[in-house]
1. Where only protein heavy atoms count, and the probe is 1.4 Å, what is the accessible area per residue for the stretch 14-103 in Å²?
2. In the chain, what percent of the accessible surface is made up of carbon and sulfur (1.4 Å probe, ligands and nucleic acids excluded)?
3. For the full complex of protein chains and a 1.4 angstrom probe, list 126, 23 by accessible area with the highest value first.
4. If the limit is 23 Å between Cα atoms, which of 40/64; 27/150; 56/140; 119/141 go over it?
5. Which whole-angstrom value gives the distance between the alpha carbon centres of the stretch 1-66 and the stretch 104-157?
6. In Å and from the alpha-carbon atoms only, list the Rg and Dmax of the stretch 4-157.
7. Could you tell me the extents of the stretch 79-145's C-alpha atoms along the three principal axes, largest first, rounded to whole Å?
8. Sort the stretch 1-86 into rounded, prolate or oblate with this rule: let a ≥ b ≥ c be the square roots of the eigenvalues of the Cα gyration tensor; rounded if a/c is under 1.5, and if a/c is not under 1.5, prolate when a/b is larger than b/c, oblate otherwise.
Amino acid sequence: MSSDLASKLNFVDFGTICNNCSMNCCKKFYAVLLPEEEEKFRNIAFDVETPLGSVKAIGARNGKPCVFLNEKGFCRIYPERPFDCRLWPLILYYDFSTGEKVVYLDLECPAVERGLISKEFVERAMDVLKNTKIDENWLKKYTLAPWPNKLREIQRFK
Ligand code: SF4
């Protein structure tokens with residue numbers, strides 16, 4: 001079973017956008033697990049340290065791609081992939097100075113630079129993020145987990 005938040009993002013399918021992508025995020029980045037996703041991936045998850053404590057993650061590590069990536073560059077668990085994999089290149093972070101939640105587009109994704117992430121998609125994802133309870137302690141740690149942070153802010157909310 002997917003987490004509540006992940007399953008509300010079932011509509012996300014970047015298949016056509018990600019096809020033939022030379023960067024392939026699943027070879028480069030990790031995906032932080034929501035607390036409720038940790039049990040499902042307990043056998044392969046690893047710790048990512050943050051100043052507020054560690055979070056669990058799957059995905060690329062030590063130069064090796066995610067274990068769920070097949071030889072053709074597709075995710076073997078796409079319908080069951082975690083929240084973080086579904087949402088990226090959108091990122092939700094916590095603003096420690098205002099207490100707001102802030103949504104960014106990650107410029108590490110070539111599709112963002114090329115303007116392929118539609119306004120309709122962003123609005124639909126925003127609707128999910130605004131209307132689903134997210135563990136704030138987890139969000140603070142997630143925000144502090146090491147990341148390139150080449151981000152473009154698109155919206156913030158309380
Ligand atoms: S679970 Fe799938 S989408 Fe997520 S990093 Fe691994 S291969 Fe990529």
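1. Details: 4870 Å² over 90 residues.
Here the per-residue accessible area is 54 Å².
2. Working: 4360 of 8890 Å².
The computed percentage sits at 49.
3. Of 126, 23, the descending order of accessible area is 23, 126.
4. Those over the limit are 119/141.
5. Spelled out, the Cα-based centre of one part sits 14 Å from the other.
6. Here Rg and the maximum Cα pair distance are 14.7, 44 Å.
7. If we take the Cα atoms of the stretch 79-145, the spans are 32, 25, 20 Å.
8. oblate
The values are calculated or read from the model by the stated rules, or taken from the named source; none is laboratory data. Nothing here was measured: the structure is a model prediction, and the numbers come from that model. Cβ: placed from backbone, ideal geometry, glycine included. Neighbour counts: every protein chain shown. Quick note on the areas: whole protein, heavy atoms, side chains included, nothing else; ligands and nucleic acids left out. Shrake-Rupley method; radii C 1.70, N 1.55, O 1.52, S 1.80 Å.
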